Amino acid sequence: MTDDAISDLPEQMQIRRDKRRAVLESGRDAYPVRVPVTHTIEQVREQFPEVPAGEMTGVEVVVAGRVLFIRNTGKLCFASLRSGAGTAVQAMLSLDRVGEDALDEWKHLVDLGDHVWVRGEVGASKRGELSVFATEWGFAAKSLRPLPVAHKPLSEETRVRQRYVDLIMRDEARTIARQRITALASLRTSLTDRGFLEVETPILQTLQGGASARPFVTHMNAYDIDLFLRIAPELFLKRCVVGGIEKVFDINRNFRNEGADSTHSPEFGMLEFYEAYADYDDGARLTRELVQEAAQAVCGGLVVTHVDGTVHDLSGPWTTIALYPSVSAAVGRDITPTTPLSELVELCVAVGIDVDPAWVPGRVVEELFEHHVVPTFTGPTFVKDYPVDTSPLTRDHRTDAGVVEKWDLYVDGFELATGYSELVDPVIQRERLQAQAALAARGDAEAMPLDEDFLAALEHGMPPSAGVGMGIDRLLMALTGLGIRDTILFPLVKPL
RNA sequence: GGGCCUCUAGCUCAAUUGGUAGAGCUGCGGACUUUUAAUCCGUAGGUUGCGGGUUCGAGCCCCGCGGGGCCUACCA
């Protein structure tokens, strides 16, 4: 006989273990391999949308669900059985229908959190609650741990560390888990409907590249080499474009070995797509359509309501501004890529922005932009034409000197997506990557080494292309107003 | 990286100046055939995050460590 009495266990857990043993010893099964279910709880709800209070339907069903509310009286017991998706139906066990033994066992063995099944006629209680009037019941799975109180909010830490409990207790947790998948499906549908091909690119990479970030490093025993977990799929998607997959995307997980806080997760979801014979304006247009179609799929419309009750309108063509003109308007002075650093620093000091002496002029302009312009945004906003000295890997603007063909999409004050007219000249790309490699050689952990194979691919000729990256977590944040950790089912947490 | 706050029963939280660790829900026993956080009677449940120190006495004060949160800095 197994010893299921574990010492030092909290009383309530020990009692549930004792009940489990009592179930088995009584000849019932606490964990049957199969349960005689005839209807899901959803099906019962759909089939009997309105049963008048106190009336019966004559239809017998067997339903199973988790017990989330329980109320026992002397000869009549109530329980609310809920499906995983959150639909509930009431079970009623009365002495005259289920019999004395089954009623007593129910009262003494069933706890909140247990999975049970009941067989019985569908009807409505005197209060009008749709109910299954049990003639028979059994366990589907006995729960050995007590649930938290239903009417007090679970601490944020418990919600994240024990997401299974969060999913049981909180409607919003169940909702966001489904919304995330809905958003991903919407992005896939939107892109494949437009002729894009979804590919998979490697997570284990021999060289880091495609972004400036510190990678996670791991080791491959067979080849005895260090490998990097990807920080971006970019260089592989460009290889696809070179190879003729001219509309291509990857929905992937990236890993960055940097800070983890309320807006940054060390692993995060990302959509990247590339479209040949398109430029950054085309990429912006498609990005807007993707976000709007995702909003339609997830929220049922383009006007979305956040968890704090605020309403956000994602419809329309959205505002597009250029970085330098917007800063010029805000500070009342003409700011261009040739404005001297001293003048830019002066403007920062005047409004209390601390300037790092190492910053290049473009960086200082971006600080002025974030201070003066970003807070004025009233809806989704594309900001285009960034300083060349902060975007060394990006193609120069076709007409404006000193800026590059890059945009950032701001929603709710954070950056949701970024897009480029991709640099495809292999000679210029090599020069810029060589400069990065020099930084890497000097110890800059975020700089990329020279990827000869990528350059060889470009030297075969890559058509002019638009490239876009969008954060999946941030898309969910924009649609729901949640923090990043609520959009990720299992965010990384430090072990206790 | 810096600063501030926080960790007490299964869950959510109290505990006055350093003086017997409590409540609600949950649990357990009992009553109740229409409950929705039922009601009533009775009752159990604690290594106060971990380790040291001060003190006659520490949940409370001091030091160290760990977890969490907020602000700030940095990074995308």
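General observations
- Estimated 222 nm signal from helices in chain A, with DSSP H stretches of n ≥ 4 weighted -39500 (n - 2.57), rounded to 500: -10000 deg cm²/dmol
- Cβ-Cβ FRET estimate between A:Glu55 and A:Thr376, R0 fixed at 51 Å, reported to 0.05: 0.25
- Label point of A:Glu100 set 7 angstrom out along Cα-Cβ; within the range A:57-75, amide nitrogens under 19 Å from it belong to A:73-75.
- Computed from label points 7 Å out along Cα-Cβ, the spacing between A:Leu207 and A:Val33 is 5.5 nm.
- Prolate/oblate/rounded label for the range A:384-451 (Cα gyration tensor, a/c 1.5): oblate
- At q = 0.19, 0.21, 0.22 Å⁻¹ the log10 of I(q)/I(0) for the range A:1-101 amounts to -1.21, -1.34, -1.40, computed by Debye summation with a single uniform scatterer per C-alpha, solvent ignored.
- Taking 0.890 mPa s as the viscosity and 25 °C as the temperature, the Stokes-Einstein diffusion coefficient of the range A:69-173 based on its alpha-carbon Kirkwood radius rounds to 166 µm²/s.
- For A:Ala276, net neighbour charge (Lys/Arg +1, Asp/Glu -1) across residues whose Cβ lies under 9 Å away: -1
- Cα-based Kirkwood hydrodynamic radius, chain A, one decimal, Å: 26.9 Å
- Segment A:Ala185-A:Tyr223, extension gain: residue separation times 0.36 nm, minus the distance between their alpha carbons: 10.0 nm
- Compared with the direct C-alpha span, the chain from A:Glu172 to A:Glu198 gains 6.3 nm at full extension, assuming 0.36 nm per residue.
- Along principal axes, Cα extents of the range A:215-336, largest first, whole Å: 58, 38, 34
- Residue order for A:Asp166, A:Asp354, fewest other beta carbons within 10 angstrom first, comes to A:Asp354, A:Asp166.
- Chain A - percent relative contact order, Cα under 8 Å, separation 6 or more: 13 percent
- Here, the range A:106-249 is characterised by an Rg to Rh ratio of 1.19, where Rg is the alpha-carbon radius of gyration and Rh the Kirkwood radius.
- Filter on A:Lys19/A:Lys126; A:Lys238/A:Lys494; A:Lys126/A:Lys152; A:Lys75/A:Lys152; A:Lys75/A:Lys126 - keep pairs with C-alpha separation over 25 Å: A:Lys19/A:Lys126; A:Lys238/A:Lys494; A:Lys126/A:Lys152; A:Lys75/A:Lys152
- Local electrostatic count at A:Lys247 - Lys and Arg +1, Asp and Glu -1, tallied over other residues with Cβ under 9 Å: -1
- Extension gain for A:Val311 to A:Asn257 (0.36 nm times residue separation, less C-alpha to C-alpha distance): 16.0 nm.
- Estimated inter-spin distance, A:Val360 and A:Ala330, nm [label 7 Å along Cα→Cβ]: 2.0 nm
Quick note: the coordinates plus some simple rules give every number you see, no bench work behind them. What you see is a predicted model; the values in this text were computed from it and never measured. FYI the Cβ positions are ideal-geometry reconstructions off the backbone, even for glycines, and counts take in every protein chain you see.
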